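The values are calculated or read from the model by the stated rules, or taken from the named source; none is laboratory data. Because the structure is a prediction, the values reported are computed rather than measured. Cβ coordinates were reconstructed from backbone atoms using ideal geometry, including for glycine residues, and neighbour counts include every protein chain displayed. Areas reflect the complete protein model, heavy atoms only, side chains present, ligands, DNA and RNA absent. Shrake-Rupley method; radii C 1.70, N 1.55, O 1.52, S 1.80 Å.
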Amino acid sequence: MAKNLTHKILEAHLIEGRLISGEEIGIKIDHTLLQDATGTMAMLEFEAMGIDRVKAEVAAQYVDHNLLQTDNKNADDHRFLQTACARYGIHFSRPGNGICHQVHMERFGTPGKTMIGSDSHTPGAAGISMLAIGAGGLDVALAMAGQPYYFPCPKVVGVKLTGQLPDWVSAKDVVLEMLRRYDVKGCVGKIIEYYGPGIKTLSATDRETIGNMGTELGATTSVFPSDVNTRAYLEDQGRGNVWVEMMADEEATYDENVEIDLSSLEPLIACPSSPGNVVPVREVAGLKVHQVIVGSCVNSSFRDLMVVARIMEGELVHHDIFFHINPGSRQVLENVLAQDGALALLKAGARIHQSGCLGCIGMGQAPGTGQVSLRTFPRNFPNRSGTKDDKVYLCSPETAAATALKGVITDPRDLGKKMPYPRIKDPDKYIVDEHSIIFPSEERIKTEIERGPNIKPFPKIAQLPETLAAEVVLKMGDNITTDDIMPAGNKILPLRSNIEAISKFVYSQLAPEFYQEARDKGTVVVIGGENYGQGSSREHAALAPRYLGVRAKIVKSFARIHKANLCNFGILPLVFKDFADYDRFNKGSKVIFPNIRKRLAEGDREIPAEVDGQRIITILDVSPRQRRSILAGGTLNDVKQDL
Ligand code: MIC
Ligand code: SF4
């Protein structure tokens, strides 16, 4: 039978289950990726498993999210990570070397391999045809220990690309078009597989942008074929030897079918404050902008920076704009420098920063009050920039450059009247820079792990009681993000390795009183709407609330990674059977789940709850493995003995 590429890769890695959508499968994981913000906790979890050496084929740890050294915490965390990597045999990419997704693609990514990463944008590795999935740190730690990764087998959406992108329109506009059609939850439970004649017009880094932002659609991951463009990229990186050709069979079928004619696309923009809020740039053209940033784990490749450099060459940034460049990696910057791109950007007035996530996760670059910020980033959730009530727009590098020149949102096609569209070719041979990667070695295994005072041990989690009685302390609406649940930014991100300290900030933007109320009540429940927990993979959005006594979340629907994280830390992820029951809950409602332990152990899917004395039904849609985790008070408690 003809197979699509997704099923070919899954089949080659299948350890448990069947490829039937909705059923839980376990796959072998070849590569693991950690970044610093989620990595400290993941590393502590890996340590708690008592494994002597990492078992994945390639395990890499990047330092990209927190580069601000305002006190001892950041340096403590980085030292811990560096020494733990040496001890366990993990590649360590030093601060400033680049954003995990960009560097992994440059130096390690291999077509046809599987990867999980403790960062939701891990699917960017679709650029070189990996099947790469974002997951909570504990799932990544388990894969590092050689365990399979378990997740519900997704449906496969086939997106046929035809035609070729017009001048001034680029890969970002392709994924913004997907977001315009599907919004932020349209692809939950799905893998997006791109195919068709339009594929050959997209480079590996173009595909990275599209695959990376599949996360904003709610997708489990995205997949691209491995073809001559993949080979060219790998050869230019000096790694042509890892290339293999991979594609769907000719007659392959998909669960859903979509077609995008690339020639018909125009510049698009996501308006505040959701990546799904997409309109054509021309509809918002003319709006005054104060800040433009090119960079992040999308749109920070050689091509993306060079297209901006060529547009800015000999021009000056508008005097009202602060213009920032955040290169994707040190290697990208070196290559842009070698072709005078960095000089052109500097002369035009750009501020060129070290390579890292920076303003994308509120680590600096926050816009001023009421100011409009235009960014090439993947997400613009409310307040994520670090400024309250921020107005962040997401667009392509072309739109960003045109806007930086004009001072108002500008359709880049307007520039076409004055200059030809700069089509950028990747260098024939990239300047390769691996000096900032510390490779594992036998000698380094002897390293002693260093723990500064910011590294606190993993908290103990109690088992699920026979009957759960709790109080509702917070009721929320639709599309609550993990940034709403467990914010980041320069004040909170440095606390990621200290659950007690970070728990003070749970829901702090939505409900500043939450921490104290949860502490006072002891055992609490929160209520949410659709797509609850979208966004980041940060398990702190489950672990820190659990630490404060959140034992169940009842919502209309969950985002994938957050739901898995809740199970991993012993929180019941419950869904209303009847959405009308959402209205029965208020702050202060008393909720009882009678015989909850027995019901979980017996595999009940329908879980009754008494809400202020009235009985409703909630649904617990989890696998037997996840039931065991919830009963045990988290996956770590459950698996420790097996390991
Ligand atoms: C994000 O883009 O939201 C982050 C910051 O990269 C997160 C990871 C984190 O919270 O550390 C993600 O995407 O998973
Ligand atoms: Fe970093 Fe932003 Fe990418 Fe997250 S989305 S990995 S914060 S650059």
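Pairs under 9 Å by beta carbon, first residue touching a residue at least 12 places away in the same chain (Cβ under 8 Å) and within 16 Å of ligand 2 (Cβ to nearest atom) in the range 491-518, partner hydroxyl-bearing (Ser, Thr, Tyr) and in a helix (DSSP H, G or I), six or more apart or different chains?
Arg496/Thr38; Arg496/Thr40
Let me spell it out: the conditions are (1) away from ligand 2 (no atom under 16 Å from the Cβ); (2) crowded, with 24+ Cβ neighbours inside 10 Å; (3) in a helix (DSSP H, G or I); (4) not small (Gly, Ala, Ser), and Arg231 meets all of them except one. Which number is the exception?
(2)
As an exercise: evaluate Met247 against (1) out of contact with any Phe, Trp or Tyr (no Cβ under 9 Å at 6 or more places or on another chain); (2) open to solvent by 10 Å² or more (accessible area, probe 1.4 Å) and give the number of the one condition it does not meet.
(1)
Go through (1) open to solvent by less than 20 Å² (accessible area, probe 1.4 Å); (2) closer than 30 Å to Lys3 by Cβ; (3) part of a loop (DSSP other than H, G, I, E, B); (4) touching a Lys or Arg at 6+ places or on another chain (Cβ under 9 Å) one by one and return the number of the condition Gly96 breaks.
So Gly96 meets the others, but not (2).
Yes/no per residue for (1) surrounded by 22 or more Cβ atoms within 10 Å (Cβ to Cβ); (2) within 16 Å of ligand 1 (Cβ to nearest atom); (3) in a loop (DSSP other than H, G, I, E, B):
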residue: Pro453; (1), (2), (3): no, no, yes
residue: Pro465; (1), (2), (3): no, no, yes
residue: Glu500; (1), (2), (3): no, no, no
residue: Lys504; (1), (2), (3): no, no, no
residue: Leu510; (1), (2), (3): no, no, yes
residue: Arg519; (1), (2), (3): no, no, no
residue: Ala542; (1), (2), (3): yes, yes, no
residue: Lys553; (1), (2), (3): yes, no, no
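Would you mind telling me which numbered condition in (1) assigned to a helix (DSSP H, G or I); (2) more than 17 Å from Ala125 (Cβ to Cβ); (3) out of contact with any Leu (no Cβ under 8 Å at 6 or more places or on another chain) Met105 fails?
(2)
Taking into account only those residues within the range 387-410 that are among the polar types (S, T, N, Q) and not in a loop (DSSP other than H, G, I, E, B), which is farthest from Pro422 (Cα to Cα)?
Here the answer is Thr403.
Checking Leu268 against (1) away from ligand 2 (no atom under 16 Å from the Cβ); (2) within 24 Å of the chain's Cα centre (by Cα); (3) farther than 23 Å from Tyr421 by Cα; (4) open to solvent by less than 50 Å² (accessible area, probe 1.4 Å), only one condition comes out false. Which one?
That leaves (3) as the condition not met.
Inspect the range 361-373 for any residue being surrounded by 20 or more Cβ atoms within 10 Å (Cβ to Cβ), more than 10 Å from ligand 2 (Cβ to nearest atom) and not in a loop (DSSP other than H, G, I, E, B) and give the result as yes or no.
yes
Would you confirm whether any residue within the range 238-251 is touching a Lys or Arg at 6+ places or on another chain (Cβ under 7 Å), away from ligand 2 (no atom under 16 Å from the Cβ), part of a helix (DSSP H, G or I) and more than 23 Å from Pro420 (Cα to Cα)?
Yes, the conditions are met somewhere in the range 238-251.
Do you know which of the residues in the range 102-120 that are within 16 Å of ligand 1 (Cβ to nearest atom) and open to solvent by 10 Å² or more (accessible area, probe 1.4 Å) is farthest from the chain's Cα centre (by Cα)?
Gln102
Which of the numbered conditions does Ile485 fail, given that it passes all the others? Conditions: (1) within 16 Å of ligand 1 (Cβ to nearest atom); (2) touching a strand residue (DSSP E or B) at 6+ places or on another chain (Cβ under 7 Å).
Among (1) within 16 Å of ligand 1 (Cβ to nearest atom); (2) touching a strand residue (DSSP E or B) at 6+ places or on another chain (Cβ under 7 Å), Ile485 violates only (2).
Is it fair to say Arg53 is part of a loop (DSSP other than H, G, I, E, B), touching a helix residue (DSSP H, G or I) at 6+ places or on another chain (Cβ under 7 Å) and open to solvent by 40 Å² or more (accessible area, probe 1.4 Å)?
Taking the combined requirement at face value, the residue satisfies it.
What pairs can you find where one residue is in the range 573-593 and on the phi < 0 side of the Ramachandran plot, the other is assigned to a helix (DSSP H, G or I), and their Cβ atoms are less than 6 Å apart, with a gap of 6+ or different chains?
So the pair list comes out as Pro573/Lys563; Pro573/Leu566; Phe576/Tyr582.
Considering only residues that are away from ligand 2 (no atom under 16 Å from the Cβ), open to solvent by 30 Å² or more (accessible area, probe 1.4 Å) and not β-branched (Val, Ile, Thr), which ones fall in the range 56-75?
Scanning the range 56-75 gives Glu57, Gln69, Asp71, Asn72, Lys73, Ala75.
Residue by residue, here is whether (1) over 30 Å from Leu44 (Cβ atoms); (2) outside any helix (DSSP H, G or I) holds:
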site	(1), (2)
Pro573	no, yes
Asn586	yes, yes
Ile592	yes, yes
Arg597	no, no
Pro608	yes, yes
Thr618	yes, yes
Asp638	no, no
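Taking interchain pairs and intrachain pairs at least six residues apart, which have beta carbon atoms under 8 angstrom, with the first residue in the range 372-383 and closer than 13 Å to Val278 by Cα and touching a residue at least 60 places away in the same chain (Cβ under 8 Å) and the second within 14 Å of ligand 2 (Cβ to nearest atom) and part of a loop (DSSP other than H, G, I, E, B)?
Every condition considered, the pairs that remain are Pro378/His121; Pro378/Pro275; Pro378/Ser296; Pro378/Cys297; Pro378/Val298; Arg379/Pro275; Arg379/Gly535; Asn380/Pro275.
Contact list please: Cβ distance under 7 Å, first residue in the range 533-555 and touching a residue at least 12 places away in the same chain (Cβ under 8 Å), second residue within 16 Å of ligand 2 (Cβ to nearest atom) and of a type in the set (Lys, Arg), pairs at least six apart or on different chains.
Here the result reads Gly535/Arg379; His540/Arg496, each pair linking the range 533-555 to a residue that is within 16 Å of ligand 2 (Cβ to nearest atom) and of a type in the set (Lys, Arg).
Looking at the structure I just gave you, is Leu345 away from ligand 2 (no atom under 13 Å from the Cβ), open to solvent by 10 Å² or more (accessible area, probe 1.4 Å) and of a type in the set (A, V, I, L, M, F, W, C)?
So Leu345 fails the test.
Let me spell it out: the conditions are (1) over 18 Å from Arg303 (Cα atoms); (2) without any contact (Cβ under 8 Å) to a residue 24 or more places away in the chain, and Lys425 meets all of them except one. Which number is the exception?
(1)
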